[in-house]
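The values are calculated or read from the model by the stated rules, or taken from the named source; none is laboratory data. Values in this document were obtained by computation on a predicted structure and should not be read as measured data. Cβ coordinates were reconstructed from backbone atoms using ideal geometry, including for glycine residues, and neighbour counts include every protein chain displayed. Accessible surface is based on the protein model in full, side chains and every heavy atom, while ligands, DNA and RNA are left aside. Shrake-Rupley method; radii C 1.70, N 1.55, O 1.52, S 1.80 Å.
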Amino acid sequence: MADSKKIIMAWGKCKVEIGDTGENDAFTTTLFNVGTIKDQTTTLTSNDGDQLQMKATGGEVVAQEDLEGTLEVETTVIEPTAELYEKLGIAAKDADGEQKVKTHIVPGDKSIKITPHNKGARGIKAPLCRIKVAPAMDEQNGNAIKITASIFKTTGVPETPESGGTPAVDNNYWYSRFTTKEALK
């Protein structure tokens, strides 16, 4: 029997926000919007990890272990603002119409949140990422910046219950999925 749940487009016209990762790899408490996202550029991709095999004589595989790989979020921001460069920590404040970009590696651990446009769609929140950026300028697309966030599994210490009763929270994960309560405006 077919599932009667309505399928909702997730990331069309999404909002991407970044903030500093909190203590013990906690998701940030303060996010900033990166700006206008170029159409169809926001993606979450995974890469396979190493595969370890034990082989017997003749090449027969007798045991195998697959290791987790990596996850990356990529998005392209159209006409990035001087404020975005400042908040990412890659350039100083714009002075007299000129901003000096010092690096393309965003310093420190960051959290990233991708909120889909439609109510009821699934977004993600990744508490621990390392981010790099790449400028993009051409005659057809204008000025842009590609943001790549490598997602890491958190190593946060599970919360210890103060007075028995409730179990500790598992804070060791890649990202969380959430359902939007209302559509973006």
>> When you check Thr57 against the structure, is it more than 21 Å from Ile131 (Cβ to Cβ), at pLDDT 90 or above and out of contact with any helix residue (DSSP H, G or I) (no Cβ under 9 Å at 6 or more places or on another chain), yes or no?
In response: yes
> Got a sec? Which strands (runs of 3 or more DSSP E) wholly within region 31-80 have at least 1 residues that are under 21 Å from Tyr173 (Cβ atoms) and of a type in the set (Phe, Trp, Tyr)?
Replying inline: none
> Filtering region 101-126 down to residues that are open to solvent by less than 50 Å² (accessible area, probe 1.4 Å), in a strand (DSSP E or B) and of a type outside the set (D, E, K, R), which residue is nearest to Leu184 (Cα to Cα)?
Replying inline: Thr115
> Is there a residue in region 127-149 that is in contact with a Phe, Trp or Tyr (Cβ under 9 Å, 6 or more places away or on another chain), at pLDDT 90 or above and part of a loop (DSSP other than H, G, I, E, B)?
Replying inline: no
>> Tell me whether region 14-23 contains one or more residues that are assigned to a strand (DSSP E or B), among the charged types (D, E, K, R), at pLDDT 90 or above and over 16 Å from Lys125 (Cβ atoms).
In response: no
>> Please count how many residues of region 42-82 are of a type in the set (Gly, Ala, Ser), farther than 30 Å from Ala92 by Cβ and surrounded by 10 or more Cβ atoms within 10 Å (Cβ to Cβ).
In response: 3
>> I'd like the full set of residues that are open to solvent by 70 Å² or more (accessible area, probe 1.4 Å) and not charged (D, E, K, R), limited to region 83-100.
In response: Gly97
